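Here the structure comes first, spelled out in structure tokens, and everything after it is commentary.
The values are calculated or read from the model by the stated rules, or taken from the named source; none is laboratory data. These figures come from a predicted structure and were not determined experimentally. Cβ coordinates were reconstructed from backbone atoms using ideal geometry, including for glycine residues, and neighbour counts include every protein chain displayed. Ligands, DNA and RNA are stripped out before the accessible areas are found, and what is left, the full protein with its side chains, is counted by its heavy atoms. Shrake-Rupley method; radii C 1.70, N 1.55, O 1.52, S 1.80 Å.
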Amino acid sequence: MDLSPGDQPPSIPGIDSAELLERVGEDLDLFWEVLSEFSDSYRDTPAQLAAALDQDPAAARQLAHTLKGVLGNLAATELFVACAALHEAIRENHPERYPALLATLIQGIPALCDAIAGARTATAPDAPDPGAGVDQDWLEERYAALRLALEGHRARDCKTLAEELAAAGLPAADRPFFDELHALIRTYRFKEAQTLLEHYLAQKTA
């Protein structure tokens, strides 16, 4: 999905959204997919970096190099600068610089992941009012669409539909099932997610 003329890119503290959107060809779905991938894959990287600096400096240097590239691609300028400085400090063996730079990343990256999640929720398609309960026709339609997306291993559609369902205020009895389903989708285990969803739907119609 592309932005309509005159629409502003989503506001996410720590990211130049206009720059990132331009890099992904003004494709808003791809914009969110890239950010979701970052949140899923790199939230814990600063802690991994801290551990590697104590145990394996070569691994820490490679990890910092990878993270620097990812942050640069995201147009996350301030965190990119901190990570680039940490990578240089590791490469040039200046451990006295590590603590301040690590602190910036340890605080900043989870905060960025939270900001991404908050912005994504704020711009998600309208779902039924949770206070009024989920409309069953809407729910069945979304599950049917999700089943097809899982069969086709369409990652973007799977994640979008799962996020819509997560924001819909599902009944408490369905939450354990859905939380497991959502976790499988987030880790690209589509076959397992498909099996779980089909089993759930079969039980609902039995």
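First measure r as the distance between the Cβ atoms of ARG91 and ALA145, then evaluate 1/(1 + (r/R0)^6) with R0 = 45 Å and state the FRET efficiency to the nearest 0.05. Calculated transfer efficiency: 0.40. Taking Cβ atoms as reference points and 12 Å as the exclusive limit, the residues near ALA166 contribute a net charge of +1, counting Lys and Arg as +1 and Asp and Glu as -1.
Along the chain, the exposed loop sites are GluC sites (Glu not before Pro) outside DSSP states H, G, I, E and B with at most 16 other Cβ atoms within 10 Å, and the longest stretch free of them is 93-206. Measuring only protein heavy atoms, the 1.4 Å probe finds SER41 accessible over about 70 Å². For the chain, the fraction of 1.4 Å probe accessible surface lying on carbon and sulfur atoms is 52 percent. Other residues whose C-beta falls under 12 angstrom from the C-beta of CYS83 contribute a net charge of 0, scoring Lys and Arg +1 and Asp and Glu -1. Computed extension gain for ALA202 through HIS65, at 0.36 nm per residue and net of the alpha carbon distance, reaches 44.6 nm.
The spread of Cα positions in the chain, taken along each principal axis and listed from longest to shortest, comes to 64, 44, 32 Å. Average accessible surface for segment 43-177: 52 Å² per residue, computed with a 1.4 Å probe over protein heavy atoms with every protein chain in place.
Distance from the Cα centroid of segment 142-206 to that of segment 82-118 is 35 Å (rounded to whole angstrom). Axis of helix 45-55 versus longest Cα principal axis of the chain: the two differ by about 40°, to the nearest ten degrees.
Distance between the modelled labels on GLN8 and ASP40, one decimal in nanometres: 3.0 nm (7 Å Cα→Cβ projection). When shorter helices are ignored and each DSSP H run of at least 4 residues is given -39500 (n - 2.57), the per-residue value for the chain at 222 nm works out to -23500 deg cm²/dmol. Computed on protein heavy atoms with a 1.4 Å probe, the accessible areas place VAL81, VAL24 in the order VAL81, VAL24, largest first. Were the residues from GLU26 through ARG156 laid out at 0.36 nm apart, the gain over their Cα-Cα distance would be 45.2 nm.
The trypsin sites (Lys or Arg not before Pro) of segment 176-206 that DSSP puts in a loop, and whose beta carbon has at most 15 other beta carbons within 10 Å, are ARG189.
Take the convex hull of the alpha carbons in segment 1-90; its mean projected area over all directions comes to 5.8 nm².
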